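Here the structure is laid out as structure tokens; the discussion comes afterwards.
Throughout, read-outs are computed from the coordinates displayed, never taken from laboratory work. Here the structure is a predicted model, which is why all the values come from computation and not from measurement. FYI the Cβ positions are ideal-geometry reconstructions off the backbone, even for glycines, and counts take in every protein chain you see.
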Amino acid sequence: MTSTLLPVARDVPSLRQAVAAWRREGRSVGLVPTMGALHEGHLSLVRTAKERCDRVVASLFVNPKQFAPHEDFERYPRDEAKDAALLASAGCDLLFAPPPAAMYPEGHSTSVIVANVSTPLEGEMRPHFFGGVATVVTKLLLQALPDIAYFGEKDYQQLLVIKRLAADLDIPVEIAGCNTVREYDGLAMSSRNAYLNPDERRVAGRLNVLMHDAIKAIRSGEMSIAEAEADAARHLIAAGFTCVDYVAVRDAATLAPLTSLDRPARILAAAWLGKTRLIDNLAV
Ligand code: AMP
């Protein structure tokens, strides 16, 4: 890995100073929020940002507020030097990597809660999660005030939550969703894929294939939506998944349950391989 001279801001005033200097030059600014352990999915967001924005800031912050006490906050992979080199190679102009005390100083008491679209699916399985995400993303949007902020469709429900909060709070930032980048076998790239052992990794690729199968079965009329959801969950267990949190076909805009494909729909799934939880989704 080559070393990098990517500038790093550690606190909000330094971030704002850098963005203000660009603004004075008339530059447009893109923001790519991440939790680090970067892979091609993250880098595709940076490259996409660079297509429309003169300058791109990536943030690297493993947000303690979106992890429950029993989750993987402590063991979440962290390698800032490697991430910085990857970001520089993708065209990023500034890394914002604040310590937790810069994001949540003593006395921090405000949370952002997005109703409705936060409630089902991930909201049921990880009740603390979207409150933490919505709070940190609101802060990042207001700290950087970019023209456009980029998020992956990989975390589809999260993308809907962020679009909602930006609209509801009148944050003057365009929220752009970007395609999911996948491995050779269709597995969605994720920092958490690093937890998988070789056997689990082989099984992991089935998630995407079985979601495609469910879409085909519904579209052809071979199965109802409910039948295809249950069938996919059964096949995931048969393939070697330890537990299935959900396989669900939902309204693509609201995540409300559907009984027929009478509007744009999304299939979303979450399943466990040992101690690793994978999520994925596809347009139906
Ligand atoms: P994370 O570091 O996992 O919080 O992800 C940071 C951003 O990268 C989020 O907007 C994710 O949706 C996005 N992202 C993660 N994995 C992928 C992927 N495989 N393809 C595209 N975007 C992704």
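Exactly one of (1) out of contact with any helix residue (DSSP H, G or I) (no Cβ under 9 Å at 6 or more places or on another chain); (2) more than 23 Å from Ala238 (Cα to Cα) is unmet by Ile162. Its number?
Failing condition for Ile162: (1).
If you take the residues in the stretch 26-47 that are touching a Cys at 6+ places or on another chain (Cβ under 9 Å) and in a strand (DSSP E or B), which one is nearest to the ligand (Cβ to nearest atom)?
Here the answer is Val32.
Can you pull out the residues in the stretch 177-197 that are within 10 Å of the ligand (Cβ to nearest atom) and touching a Leu at 6+ places or on another chain (Cβ under 9 Å)?
Listed by number, the residues that qualify are Gly177, Cys178, Thr180, Val181, Leu187, Ala188, Ser190, Ser191, Arg192, Asn193.
Name, by its number, the condition in (1) among the hydroxyl-bearing types (Ser, Thr, Tyr); (2) over 14 Å from the mean Cα position of the chain (by Cα); (3) surrounded by 21 or more Cβ atoms within 10 Å (Cβ to Cβ) that does not hold for Ser59.
With respect to (1) among the hydroxyl-bearing types (Ser, Thr, Tyr); (2) over 14 Å from the mean Cα position of the chain (by Cα); (3) surrounded by 21 or more Cβ atoms within 10 Å (Cβ to Cβ), Ser59 is out only on (2).
Just need a number here: residues in the stretch 19-49 that are of a type in the set (Asp, Glu) and touching a residue at least 40 places away in the same chain (Cβ under 8 Å).
Residues meeting the conditions: 1.
Could you identify the single residue in Ala204, Ala217, Ala167 that is of a type in the set (Gly, Ala, Ser), away from the ligand (no atom under 16 Å from the Cβ) and over 30 Å from Val29 (Cα atoms)?
Ala217
From Leu255, Leu268, Leu278, which residue is closer than 27 Å to His70 by Cβ, in a loop (DSSP other than H, G, I, E, B), in contact with a Phe, Trp or Tyr (Cβ under 9 Å, 6 or more places away or on another chain) and in contact (Cβ under 8 Å) with a residue 12 or more places away in the chain?
Numbers: Leu268 fails: in a loop (DSSP other than H, G, I, E, B); Leu278 fails: in a loop (DSSP other than H, G, I, E, B).
Result: Leu255 is the single residue among Leu255, Leu268, Leu278 that is closer than 27 Å to His70 by Cβ, in a loop (DSSP other than H, G, I, E, B), in contact with a Phe, Trp or Tyr (Cβ under 9 Å, 6 or more places away or on another chain) and in contact (Cβ under 8 Å) with a residue 12 or more places away in the chain.
Among the aromatic types (Phe, Trp, Tyr) and touching a Cys at 6+ places or on another chain (Cβ under 9 Å): is that true of Phe151 in this structure?
When the stated conditions are applied, Phe151 passes them.
If I ask for residues that are out of contact with any Leu (no Cβ under 8 Å at 6 or more places or on another chain) and either surrounded by fewer than 19 Cβ atoms within 10 Å (Cβ to Cβ) or more than 23 Å from Glu74 (Cα to Cα) (or both), which ones from the stretch 94-107 would you list?
Hits for the stretch 94-107 are Pro99, Pro100, Ala101, Ala102, Tyr104, Pro105, Glu106, Gly107.
Return the residues of the stretch 48-79 that are part of a helix (DSSP H, G or I), within 13 Å of the ligand (Cβ to nearest atom) and touching a strand residue (DSSP E or B) at 6+ places or on another chain (Cβ under 9 Å); say none if nothing qualifies.
Listed by number, the residues that qualify are Thr48, Ala49.
Among the residues of the stretch 123-160, write down those that are within 12 Å of the ligand (Cβ to nearest atom), in contact (Cβ under 8 Å) with a residue 40 or more places away in the chain and within 28 Å of Ala18 (Cα to Cα).
Gly132, Val133, Val136, Val137, Leu140, Ala149, Tyr150, Phe151, Gly152
State all residues of the stretch 176-189 that are in a loop (DSSP other than H, G, I, E, B) and not acidic (Asp, Glu); if no residue qualifies, say none. Let's see the steps before the verdict.
Restricting attention to the stretch 176-189, the residues satisfying the condition of being in a loop (DSSP other than H, G, I, E, B) are 179-181, 183-187, 189.
Those that are in a loop (DSSP other than H, G, I, E, B) and not acidic (Asp, Glu): Asn179, Thr180, Val181, Tyr184, Gly186, Leu187, Met189.
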